[in-house]
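Accompanying notes for the structure given below.
The values are calculated or read from the model by the stated rules, or taken from the named source; none is laboratory data. Just so it is clear, the structure is predicted and the values come from calculations on it, not from any experiment. Positions of Cβ are backbone-derived with ideal geometry, glycine not excepted, and every protein chain shown enters the neighbour counts.
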Amino acid sequence: MSDTVLLEVRLFTTAPGTRDEFHRVSRDGTIPLMRKCGIDVLAHGPALNDDDTYYLVRAFESEEDRVERGQSLYTTPEWLNQYEGPVTAMMADHRTAVIRVPREAAEALTAP
């Protein structure tokens with residue numbers, strides 16, 4: 001096991017007035033589904049500085065792991081039947097940044 005991980009930071013711009021619902025769907029549906037698919041979700045929630053921004057921070061062992069687990073999520077019947085349409089409708093835009101960080105830094109994001 002490497003002493004570093006890939007940290008994926010996703011910023012979603014939600015359509016005006018939909019961020020609370022986006023958070024509910026994430027918290028109760030898509031985040032548990034990600035974890036079920038073996039994705040290490042470190043943090044997620046509404047941004048403090050903007051009414052329409054939502055963040056998601058995930059950790060992966062490698063770029064190959066990130067791509068493979070992402071594909072496993074987005075091809076599940078649960079994602080396709082329950083979340084793809086509603087989540088996509090609430091998203092106005094999104095950006096993703098991937099950086100390599102020390103494992104301890106990633107683990108600190110989940111500390112209470």
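Are there strands (runs of 3 or more DSSP E) fully within the stretch 1-74 with at least 1 residues that are over 11 Å from the mean Cα position of the chain (by Cα) and within 18 Å of Val98 (Cβ to Cβ)? List them.
Those strands (runs of 3 or more DSSP E) span 4-14, 53-60.
Against the condition of a type outside the set (Asp, Glu) and either exposed (fewer than 15 other Cβ atoms within 10 Å of the Cβ) or more than 18 Å from Leu11 (Cβ to Cβ) (or both), how does Arg66 come out, does it pass?
So Arg66 does not fit the description; no.
Those residues that are of a type in the set (S, T, N, Q) and surrounded by fewer than 17 Cβ atoms within 10 Å (Cβ to Cβ), I need them from the stretch 23-61; list them, please.
Asn49, Thr53 - these are the residues of the stretch 23-61 that are of a type in the set (S, T, N, Q) and surrounded by fewer than 17 Cβ atoms within 10 Å (Cβ to Cβ).
With the condition kept exactly as written, say whether any residue in the stretch 92-100 is of a type in the set (A, V, I, L, M) and outside any strand (DSSP E or B).
Checked the stretch 92-100: no residue is of a type in the set (A, V, I, L, M) and outside any strand (DSSP E or B).
Can you name the residue in the stretch 73-104 that is of a type in the set (A, V, I, L, M) and surrounded by 14 or more Cβ atoms within 10 Å (Cβ to Cβ) and, of all such residues, is nearest to Arg10 (Cα to Cα)?
Only one residue fits best here, namely Met91.
Among Ala105, Ala89, Ala111, which is the only one that is hydrophobic (A, V, I, L, M, F, W, C), part of a helix (DSSP H, G or I) and at pLDDT below 95?
Residue meeting the stated conditions: Ala105.
Between residues in the stretch 74-95 that are farther than 23 Å from Leu7 by Cβ and residues that are acidic (Asp, Glu) and part of a helix (DSSP H, G or I), which pairs lie under 8 Å by C-beta distance while being six or more apart or on different chains?
Close Cβ pairs (under 8 Å, with a partner that is acidic (Asp, Glu) and part of a helix (DSSP H, G or I)) amount to Met90/Glu21.
Does the stretch 6-20 include one or more residues that are without any contact (Cβ under 8 Å) to a residue 24 or more places away in the chain and at positive phi?
Scanning the stretch 6-20, I find at least one residue that is without any contact (Cβ under 8 Å) to a residue 24 or more places away in the chain and at positive phi, so the answer is yes.
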